[in-house]
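Presented below is the structure to which this report refers.
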Amino acid sequence: MAGRCVVEFRVYPRSVAMSSRSFDEFAGRVNQEIALSEWLLVTQERVNEFARVTDDPDWMHIDVERARRGPVGHTIAQGFLTLSLLLHFSRQGNYLPKDVDYAFNYGLNRVRWLAPVAVGARIRNRTVLKAVTRRGASNYLVTTLNTVEVDGSERPAMIAEWLGLVHSAGQDSSVS
């Protein structure tokens, strides 16, 4: 329907392993993988909708016929679509411990798109905890390294260092 936007939210239940981990245990996992998402199929419908909401009607993304004759040979997902899917993957990974009250997106230190994501490809995200830094009494800056992989490819589609500001009122003082 024109003019209507239907938003579907998925709620991912906290796994037993994740919900039992304290913030201290979480912070102790620096330089370790903390999440690996499930594969997500990148559909033409998703790419078209992203193009619509971001006013990015580039033919490489939405014109299947022209893209077949283009430099890649098929339509590809927008780089910013791939980046925005980190939200989906992080919710799915559910890696923040239960004693985190809330978290804010704090930004990105570095993003690199290394390979295009073909429409019809499956992607997933691998998350490594890079740092946990105290920012006040109960606030912590969490830095993760996110590698978006393409099924069947050795080269990742994207690597992004993502920052989150989390509040954990139940946290003790052992994290510096």
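Remark: pairs (first residue in the stretch 57-71, within 15 Å of Val117 (Cβ to Cβ); second residue assigned to a helix (DSSP H, G or I) and among the charged types (D, E, K, R); Cβ separation under 7 Å; 6+ apart in sequence or on different chains) are absent. Selection of first residues in the stretch 106-135 that are within 20 Å of Gly93 (Cα to Cα) and without any contact (Cβ under 8 Å) to a residue 24 or more places away in the chain and of second residues that are surrounded by 19 or more Cβ atoms within 10 Å (Cβ to Cβ) and aromatic (Phe, Trp, Tyr), restricted to Cβ pairs under 7 Å at least 6 apart or on distinct chains, gives an empty result. Taking the listed residues Arg112, Arg91, Arg69, the one that is at pLDDT below 95 and either hydroxyl-bearing (Ser, Thr, Tyr) or over 19 Å from Leu141 (Cβ atoms) (or both) is Arg91, with no other qualifying. Restricting attention to the stretch 22-50, the residues that are assigned to a loop (DSSP other than H, G, I, E, B) and either at pLDDT 95 or above or not β-branched (Val, Ile, Thr) (or both) add up to 9.
Answer yes or no as to whether Val53 is within 19 Å of the chain's Cα centre (by Cα), surrounded by fewer than 16 Cβ atoms within 10 Å (Cβ to Cβ), at pLDDT 95 or above and hydrophobic (A, V, I, L, M, F, W, C). Steps first, please.
On the way: within 19 Å of the chain's Cα centre (by Cα): yes; surrounded by fewer than 16 Cβ atoms within 10 Å (Cβ to Cβ): yes; at pLDDT 95 or above: yes; hydrophobic (A, V, I, L, M, F, W, C): yes.
It is true that Val53 is within 19 Å of the chain's Cα centre (by Cα), surrounded by fewer than 16 Cβ atoms within 10 Å (Cβ to Cβ), at pLDDT 95 or above and hydrophobic (A, V, I, L, M, F, W, C).
Taking the criterion of being of a type in the set (Ser, Thr, Tyr) and surrounded by fewer than 15 Cβ atoms within 10 Å (Cβ to Cβ), the residues of the stretch 79-130 that qualify are Ser84, Tyr102.
The values are calculated or read from the model by the stated rules, or taken from the named source; none is laboratory data. These numbers were taken from a predicted model, which means no experiment stands behind them. So basically every Cβ, Gly included, is an ideal-geometry build from the backbone, and we count neighbours across all protein chains shown.
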